[in-house]
Amino acid sequence: MRRHPLAARAGLAALAVALALWLGFERWVGTTELPPLALDTSVEVLASDGQLLRAFTVADGRWRLAVAPDDVDPGYLDMLIAYEDRRFLAHRGVDPWALTRALGQAVTHGRLVSGGSTLTMQVARLLEDGSTGSWSGKLRQVRLALALERTLSKDEILALYLHHAPMGGNLEGVRAGTLAWFGKEPGRLTEAEAALMVALPQAPSLRSPDLHPEEARAARDRVLVRSAAVGVISADAARAARREALPAARRPFPALAPHLADRLRAAEPDLQVHHTTLEADLQAALERLAADSLRDLPRQATLALLVVDADSGAILASVGSADYTSDARSGFVDMTQALRSPGSTLKPLVYGLAFSDALVHPETLLNDRPASYSGYAPQNFDNTFRGPVTAREALQASLNLPVVELTHALGPARVMAALRQAGITAEVPGDTPGLAVTLGGVGMSLEGLVQLYAAIARGGEALPLSVVEGEVQPRAQLMTPEAAWHLGDIMAAAPRPARLPDWPLAFKTGTSHGHRDALALGFDGAHVVGVWAGRADGAPVPGMYGVEVAAPLLFEAFAHLGEKPVALPPPPPGTLIAANAELPAHLRQFGTRLVQTKDSPRLTFPPDGAALVPMAGGVLARVERGQAPFTWFANGAPVVRISHEREALLALNGPGFVTLAVVDAAGRSARVEFELR
């Protein structure tokens, strides 16, 4: 049958019109200029378990925290799609059925009653902050929604909504909403919480639960009713959720470890998420402890606390000041980093070096007596002298004169070199250390002191502290394991005020000149804690002592680490534990006989800094000059006693680094360090 020419031409014309319309539509959608899709989200600082410690607002002062659909409670997503866009997974950006309904209502009422917006159209509006009450605005949303669906996946579109949905005030996105209104992450929400998060973005200023609780409740309940009607939740769950109270006020965002967070952000400004070694619960507990302790301090004084893992050097809690926002207390200054006088807390280092060099033993007698060193005449804190005391007693009583005498024998430069070897910043006036360095005449930070005490707790091995997850730090042997163990044993048995618990805790207090700094450093078998108190501006605080102010806080901090401190380790093999009378003669008393002369012993083998492979039977050592008999020490432990020979075959365990010392009959010594392979 022949088709009529006019009908054929009409069909072709209709097809051409349809093709032109389709091509025009494709061009209209395809040439859509998309707004920026990159998300500017809050910088976050996280604890070791991923818990949020602190977040920062984005550039325009809004809270917008990164979140993925998989991080959100599935029940919330089901409610959102059921209430806002039931055909979200099926349409291409525009839902024809919803638009048809919206057009019909507009014709009937003479205005837009319901927008028929899909979630994609809402994302389009949020990206451009566009209007919803005009035809031109709605048309722009349609065009942009169609273009977005051609560019992004459904999950990517949903993620944009989860980031940009307004939740009241300067809150954007579901994660900011749940943290501010419920104090929780969006991963697990109740039905009532999820419904409020669905309802808020439609009219955030009118449905804010703190300002408009009735409107917020009504909107939330409508979401619950519809969710039950479509089977997202049960009717019983909806009824129970409607009885749940609304949040009465916004909660503050987490702001733990503010000084440390500021420091991390300044160090790596382009990093979005900072993963730290901090423990959130411990950090919060110690910040409360510091804040509560301000009641007992003058108005302008503050506190700082630091807790580290003794084995790894990981920082577990860092309190830079007790009140970050206080101008009177200069709360913005991070007093874990400020260089201040360490008072007497540096004395254990001197004794540890002297033990390592076999200059003295804990039971060696020292003279607590007046002395002058080229015009420098130190005094004890109480201006009295005790005469002969053991090194143990001198350290426990924090006597000044014996430690200055040991510093004189070691050399102040040796003490400073040990700090540098441990990676610790220490500054002295004019860069020339004097004997006063071990009485507090050096600038050190609380972090540096904690790093030093961590080395002692770790058996003499120095390791920089770390707060960033996964950091690998260099290690250095600061003193022998035996010397480090002796220090812990001495400090754990030091007398303490009766109000402090009788815990197996090795600790030392310090008070700087003029009562500017009060300090307490301590460790058990697992943790190291440092406490500083004073004024950030360095002004004196009369009557402030480390033992009175800082030591009680030290013990309270340890109380937050467990029911009781972890026991200190046993002595390393080869540790010389003996009474004074049982010591080798040269170790029984320390005095001026130790001054080195041209006749002092000198080690000719092994060479200092050498790397050796032991011969059969051990390592050959040779000494010239000096007066026999000789006693040989390896890493602080005697390996050959009272030998009249100038050569000795030493049975040394390797591989590892060895500090070898020889002491002659006059008490003079020589020392080298070498590596045993």
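Every number in this text was worked out from the coordinates using simple rules, so none of it is lab data. None of the values given here were measured: they were computed from a predicted structure. Because the Cβ atoms are built from the backbone with ideal geometry, glycine has one as well, and the counts that use them run over all protein chains shown.
State, to one decimal in nm, how far the label point of Asp489 lies from the label point of Asn580, with both points 7 Å from Cα in the Cβ direction.
1.7 nm
Going by how many other beta carbons lie within 10 Å of each one, how would you line up Ile577, Ile157, Ile81, fewest first?
Placing the least packed residue first, the sequence is Ile577, Ile81, Ile157.
If you average 1/r over every pair of different alpha-carbon atoms in the range 596-676 and take one over that average, what Kirkwood value in Å do you get?
Values: mean 1/r = 0.0803 Å⁻¹.
In the range 596-676 this quantity evaluates to 12.4 Å.
Where does each of Trp532, Trp97 land when they are ranked from fewest to most other beta-carbon atoms within 10 angstrom?
Taking fewest neighbouring Cβ atoms as first place, the list is Trp97, Trp532.
Please compute one quarter of the surface area of the Cα convex hull for the range 252-312 and express it in square nanometres.
Orientation-averaged projected area of the Cα hull: 6.0 nm².
When only C-alpha pairs under 8 Å and at least 6 residues apart count, what is the relative contact order of the chain, in percent? Mind showing how you got there, number by number?
Details: 1337 pairs, mean separation 67.3, N = 677.
Rounded, it is 10 percent for the chain.
Given the Cα-Cα distance of Asp599 and Ala526 and 0.36 nm per residue of separation, how much length would full extension add, in nm?
21.7 nm
Could I have the simple spin-label model distance between Tyr373 and Gln589, label points 7 Å from Cα toward Cβ, reported in nm to one decimal?
2.2 nm
Please list the radius of gyration and Dmax for the range 343-559, considering alpha-carbon atoms only, with Å as the unit.
16.3, 51
By how many degrees, 0 to 90 and rounded to 10, does the Cα axis of helix 400-410 deviate from the longest principal axis of the chain?
90 degrees
Straight distance only, please: which lysines reach the Cα of Lys184 with their own Cα at less than 27 Å, same-chain residues fewer than 8 apart left out?
Straight-line reach from Lys184, under 27 Å: Lys154.
Mind giving me the nanometre distance, one decimal, between the label points for Glu675 and Leu649, set 7 Å out from Cα along Cα→Cβ?
2.7 nm
Rg to Rh ratio, the chain, alpha-carbon atoms and Kirkwood radius?
1.20
Would you mind ranking Ile642, Ile315 so that the residue whose beta carbon has the fewest other beta carbons within 10 Å leads the list?
Ile642, Ile315
Between helix 154-164 and the chain, what is the angle of the helix's C-alpha long axis to the longest principal axis, kept within 0 to 90° and rounded to the nearest 10?
On a 0 to 90 degree scale, this one is about 70.
Stretched out fully, how many nm does the piece from Ala476 to Asp296 gain, at 0.36 nm a residue minus the Cα gap?
60.8 nm
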